[in-house]
Structures are given as C-alpha cells and as structure tokens.
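Let me begin by presenting the structure, written as structure tokens, before commenting on it.
Every number here is computed from the coordinates shown, using simple stated rules; none is lab data. All of these numbers come straight from a predicted model, not from anything done at the bench. With ideal geometry, Cβ positions are generated from the backbone for all residues, glycine too; neighbour counts draw on all protein chains shown.
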Amino acid sequence: ETETAMADEPSSEAVEKTAMPQKRVSSKQRRLSLEEYRATYLKVPKLVNRKPVFVSETVRDELDRVVRFLGGKGMSASGLIENLVRLHLDTYRNDIEQWRKL
C-alpha cells in the first residue's frame, strides 16, 4: 500500500523539472510597478453619501496594512475598497449588463 501511494506522487526531481524559472525584476521595474499600483488603487477617492460595507476581520487587517505602508495621507481602507470596486465595475460593466439579460 505504501509503495502504491508513493508511486502516485511525483518525485521531487520531476517537480523541479516542471517548475517555472523565476523572472528577475529590477528595482526600477519594482518602483514603477509600485507607482502604478498607487495611482490605480491608492489615490484618495471622494466618497459621497457613504454607506457601510462589511468585510471579515482578516481582510480588514490586510487592507489596513496595505494602506498604512503604501498609502499616502488621507488614504483609508474604505478608499482602497472604493477604488477596487470602481475598477472592477468599469472593467466588467458591459459583461455584467449582458449577463443581467440572460
């Protein structure tokens, strides 16, 4: 039984051969990527007629950590959520409308 179970598992040698090589990222590319991320998700949105939205404690803690380390003055977890949702809705607006009609 043990031999059968071991035969079903790929050897570490096979796993190493199929692993994809890691792409090197320069510090300049990383900085540009961070600036693109900040411009997209960490710009302070204007929230009008705010409404509460609930997320798990774990997600809220992650959002707070991202905003604290990467966000600027006036940025909040609510602002990050606003930006994420706006981008999602803009990206899928046409699809959502088509799916609504199904």
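Taking 25 Å as R0, compute the FRET efficiency from the Cβ-Cβ separation of Thr91 and Val59 and round it to 0.05.
Taking R0 as 25 Å, the efficiency between Thr91 and Val59 is 0.75.
I need the trypsin sites (Lys or Arg not before Pro) found in region 61-102, filtered to DSSP loop residues with at most 15 other beta carbons within 10 Å of theirs. Please list the in-between numbers first.
Working: sites: Arg65, Arg68, Lys73, Arg86, Arg93, Arg100, Lys101; in loops: Lys73, Lys101.
When the trypsin sites (Lys or Arg not before Pro) of region 61-102 are filtered for loop state and at most 15 Cβ neighbours within 10 Å, Lys73, Lys101 remain.
If the chain between Arg31 and Arg68 were fully stretched, how many nm would it gain, using 0.36 nm times the residue separation less the Cα-Cα distance?
11.6 nm
How are the C-alpha pair distances of region 23-100 spread across 10 Å bins, as whole percents from the shortest bin up?
Taking all Cα pairs of region 23-100, the binned fractions are 16, 39, 32, 12, 1 percent.
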